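Student: Structure below; questions to follow.
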Amino acid sequence: MVKLSVCLDLIAAIRRMGGRIDPDPVAAAVLAQVGGADGVTVSWLPEGTGLQPDEFPLLRRLVQTHLTLIMPPADEVVQGALTLRPDMVTFVPTGYQSAGLGSDWANVGWPETDTSGRSLDPIVQVFQDRNILVNVLVSPSATDVRACSKLNVDSVHLDASRFATAANAGDEQQALNELASTAKVAARLNMGVSIGRGVTPQNLPDLAGIWEVEEVVVGHAVAARAMAVGLERAVRDLVDVIRHAPNRPGE
């Protein structure tokens, strides 16, 4: 069954906008795991995500499932991430914004190089040498996936925003086909596949039905649902959606 990772970025952003002590993203990480999440994802961006510096190590201690850190390959973040020792890092271009579903992050040169022109290859090796898995955010493009294969990364994170924001059924199907075909290319190149950015309870069955997808990362949809039923229940509801998604080959 596809794994579910809950992204805490929106919860941290709500706290930051309110200038208060809650909602607490660290407490949310605990509730997400109680609700059945297979992992927790959080961004560490130079511009800040709403988490306090001392909350990252606390999160590391409390996440007993799988902790993924979304981060750019920037010097001011790399050393802190290596010290934190998450289970996996998902590299995004410098300047990437975690909020919204814009595609302005898809800069020319990524993923071969960062927006600064720096090659990702030595940074990938540094993390892998410390037994930290390396994932890379890419558009649903075979070209981008092949570039990641040359970097010897462990997996790719497919951007589902075009599928999530499709204007009509035809565009939606085309976007889903692109995700599925890109996932196949990644699997053939011996890389894992995760999907995020725009995942909702409504489109989750289609995304979870892609055979090569191992994990979906959900943030906004969990936070929105949690406002009505609480975070633990919101996570359980998504786990239930995955459990009842159409069976994939071999399941």
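Just so it is clear, none of the values below were taken in a lab; they were calculated from the coordinates. No experiment lies behind these values; they were computed from the predicted model shown. Here the Cβ is made from the backbone with ideal geometry for all residues, glycine too, and neighbour counts use every protein chain on show.
Student: Of all GluC sites (Glu not before Pro) in region 36-77, which ones are in loop regions per DSSP and have a Cβ with at most 14 other Cβ atoms within 10 Å? Don't skip to the end; give the middle numbers.
Tutor: Numbers: sites: GLU47, GLU55, GLU76; in loops: GLU47.
Listed in order of number, the matching sites are GLU47.
Student: A further question on this structure: Restricting to bridges with both residues inside region 1-138, how much of the DSSP beta-bridge set is antiparallel, in percent to the nearest 5?
Tutor: Numbers: 1 of 16 bridges.
In region 1-138, approximately 5 percent of DSSP beta bridges are antiparallel ones.
Student: Something else about it: Pop a pseudo-label 7 angstrom from the Cα along the beta-carbon direction at both LYS184 and ASP240 and give the gap in nm to one decimal.
Tutor: 3.4
Student: Moving on. Ratio of Rg to Rh for the chain, alpha carbon only, Kirkwood? Before the final figure, lay out each step's value.
Tutor: Numbers: Rg = 17.0 Å, Rh = 18.1 Å.
The Rg/Rh ratio comes out at 0.94.
Student: Still on this structure, please answer the following. Quick one: putting +1 on the C-beta of Lys and Arg, -1 on the C-beta of Asp and Glu, what dipole do you get for the chain around its Cα centre, in Debye to the nearest 20? Provide the component values of the computation, followed by the final result.
Tutor: Working: 20 positive and 29 negative charges, 64 e Å.
The calculation lands at about 300 debye.
Student: Follow-up. Label LEU82 and ARG20 with points 7 Å out from Cα along Cα→Cβ: what is the distance between them in nm?
Tutor: Those two pseudo-labels are separated by 4.0 nm.
Student: Next question, about the same structure. Going by how many other beta carbons lie within 10 Å of each one, how would you line up SER5, SER139, fewest first? Don't jump to the answer; show the numbers that get you there.
Tutor: Working: SER5 23, SER139 18.
So the residues, fewest neighbours to most, are SER139, SER5.
Student: Quote the FRET efficiency, to the nearest 0.05, computed for GLN202 versus VAL34 with a Förster distance R0 of 22 Å and r equal to the Cβ-Cβ distance. It would help to have the intermediate numbers written out before the result.
Tutor: Working: r = 25 Å, r/R0 = 1.12.
Between GLN202 and VAL34 the formula returns 0.35.
Student: What is the gain in length, in nm to one decimal, between SER141 and ALA27 on full extension, counting 0.36 nm per residue of separation less the C-alpha to C-alpha distance?
Tutor: 37.4 nm
Student: Dipole size in debye (nearest 20) for region 1-141 around its Cα centre, Lys and Arg Cβ +1, Asp and Glu Cβ -1? Display every interim value, and only then the final one.
Tutor: Numbers: 9 positive and 15 negative charges, 69 e Å.
For region 1-141, the charge dipole is close to 340 debye.
Student: Label ASN168 and GLU47 with points 7 Å out from Cα along Cα→Cβ: what is the distance between them in nm?
Tutor: Inter-label distance under the simple model: 3.4 nm.
Student: What are the ³J(HN,Hα) values, in whole Hz, obtained from phi via the Karplus relation 6.51 cos²θ - 1.76 cosθ + 1.60 with θ = phi - 60°, for each residue of region 183-189 in sequence order, with x given for Gly and Pro?
Tutor: Each residue's phi maps through the Karplus curve to give 4, 5, 4, 4, 5, 5, 9 Hz.
Student: On to the next question. Evaluate the charge dipole of region 87-189 about its Cα centre and quote only its size in Debye, nearest 20, assuming +1 on the Cβ of each Lys and Arg and -1 on the Cβ of each Asp and Glu. Please list the in-between numbers first.
Tutor: Details: 7 positive and 12 negative charges, 45 e Å.
In total the dipole reaches around 220 debye.
Student: Using alpha carbons only, how many angstrom separate the centre of region 36-101 from the centre of region 172-187?
Tutor: 27
Student: Okay, next question. Please build a GNM for the chain, connecting alpha carbons under 10 Å apart, and tell me which residue among ALA32, ALA12, ALA224 fluctuates the most.
Tutor: Ranking ALA32, ALA12, ALA224 by mean-square fluctuation puts ALA224 first.
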